[in-house]
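Engineer: Structure below; questions to follow.
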Amino acid sequence: ARLAGTDGRETARAWISENIPQGSLIALESFSSFVDPEAYEVTGFLRIIDRTPNWYVSNDFQYLVFGEGMYGIFYREPDRYPERVASYETFFHTFRHVKTFDDGGYEVLIYQVVP
C-alpha cells in the first residue's frame, strides 16, 4: 500500500511547481523530489552537506531540497555519523525552513537560502 500511495517526494514536487517561482536555482539532494529542469535551474548533489552553507549563498542558490533517503541514513545512527548529523544541523539552522513533507512516511525538507 505504501508503494502505491503518494509520498513526500511527490507532494513536495507538486508544491514546488505551485509555490516556487520558475527559474529559481534549486539544489536537490539524492532521494529528494523531482524538480522540472525546464522550469527551474536544478543542480543535483549526492549530499547537500558536501559543500558549505556559504558555498550555496556564494553560488546564488535560492532553495535546497533535502531527501530523507539521504539525510535519514545519518540521523538513524547519530553515534556512528556525528559529523554528518552536525553538518545537516548547521544547514537546518542556517537557512530558512520553508516546508516539510512527510506523506506516506517519507520526508522531504525545503529550505530557502537567505544570506
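The values are calculated or read from the model by the stated rules, or taken from the named source; none is laboratory data. The structure presented is a predicted model; accordingly, all values stated were derived computationally and were not measured. Cβ: placed from backbone, ideal geometry, glycine included. Neighbour counts: every protein chain shown. These area figures cover heavy atoms from the full protein model, side chains too; ligands, DNA and RNA do not enter into them. Shrake-Rupley method; radii C 1.70, N 1.55, O 1.52, S 1.80 Å.
Engineer: Could you tell me which of the residues G44, G23, G72, G67 is under 28 Å from G105 (Cβ atoms), open to solvent by 20 Å² or more (accessible area, probe 1.4 Å) and among the small types (G, A, S)?
Structural biologist: Working: G23 fails: under 28 Å from G105 (Cβ atoms); G72 fails: open to solvent by 20 Å² or more (accessible area, probe 1.4 Å); G67 fails: open to solvent by 20 Å² or more (accessible area, probe 1.4 Å).
Result of the check over G44, G23, G72, G67: G44.
Engineer: Name the residue, out of T90, T11, T6, that is open to solvent by 60 Å² or more (accessible area, probe 1.4 Å), among the polar types (S, T, N, Q) and within 15 Å of the chain's Cα centre (by Cα). Can you show your working first?
Structural biologist: Numbers: T11 fails: open to solvent by 60 Å² or more (accessible area, probe 1.4 Å); T6 fails: within 15 Å of the chain's Cα centre (by Cα).
Matching residue, one of T90, T11, T6: T90.
Engineer: Sticking with this one: Give me the residue from segment 93-110 that is surrounded by 14 or more Cβ atoms within 10 Å (Cβ to Cβ) and among the β-branched types (V, I, T) and, out of that set, farthest from the chain's Cα centre (by Cα).
Structural biologist: For segment 93-110, the residue satisfying everything is T94.
Engineer: Provide a single number: the residues in segment 47-64 that are open to solvent by less than 60 Å² (accessible area, probe 1.4 Å) and either farther than 24 Å from D102 by Cα or not basic (K, R) (or both).
Structural biologist: First, the residues of segment 47-64 that are open to solvent by less than 60 Å² (accessible area, probe 1.4 Å): 47-49, 53, 56-57, 61, 63-64.
So of that shortlist, the ones also either farther than 24 Å from D102 by Cα or not basic (K, R) (or both) come out as 48-49, 53, 56-57, 61, 63-64.
Total meeting the criteria: 8.
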